[in-house]
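Remarks on the structure that follows.
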Amino acid sequence: MRAKTLCLAVTLVLLTASTASAAPVCENKYGDGARCGTPGAMPIGWALTPAQREYWRPDTPMAPAKLFGLISIVGGIFALIALMPDFDGRTGADWGKQEDDDQD
């Protein structure tokens, strides 16, 4: 009975607790997020106009060399995962020899 009461009390306290709010994020003149009060940060609530956002938007797509490098790295990771030995841990042969195995 005490355990249920304690569990109910803890649940009620956690459900009624107020949430923490984060500090506001300001933008710099390029539209990137910046900590408020740092040099180059605009005032709280300031945002780029659509024309400014279009002007500062990068218009070059990802270079083919970068795309090839990204595909190579992700493919290499998947290849390493595919080359890993099968292991499910059900049989004793799946595990290495331990210190106390000779005593049995």
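The values are calculated or read from the model by the stated rules, or taken from the named source; none is laboratory data. This one's a predicted model, so the numbers in the text were calculated from it and none came from an experiment. Neighbour counts are summed over all protein chains in view; Cβ atoms, including those assigned to glycine, are modelled from backbone coordinates with ideal geometry.
Among the residues here, GLY45 does not qualify as touching a Leu at 6+ places or on another chain (Cβ under 7 Å) and modelled with pLDDT of 80 or more. When ARG90 is tested against (1) basic (Lys, Arg); (2) in contact with a Gly (Cβ under 7 Å, 6 or more places away or on another chain); (3) part of a loop (DSSP other than H, G, I, E, B), only condition (2) is not met.
Looking at the structure I just gave you, is LEU8 touching a strand residue (DSSP E or B) at 6+ places or on another chain (Cβ under 9 Å) and surrounded by 10 or more Cβ atoms within 10 Å (Cβ to Cβ)? Before the answer, list the steps.
On the way: touching a strand residue (DSSP E or B) at 6+ places or on another chain (Cβ under 9 Å): no; surrounded by 10 or more Cβ atoms within 10 Å (Cβ to Cβ): yes.
For LEU8, the condition - touching a strand residue (DSSP E or B) at 6+ places or on another chain (Cβ under 9 Å) and surrounded by 10 or more Cβ atoms within 10 Å (Cβ to Cβ) - is not met.
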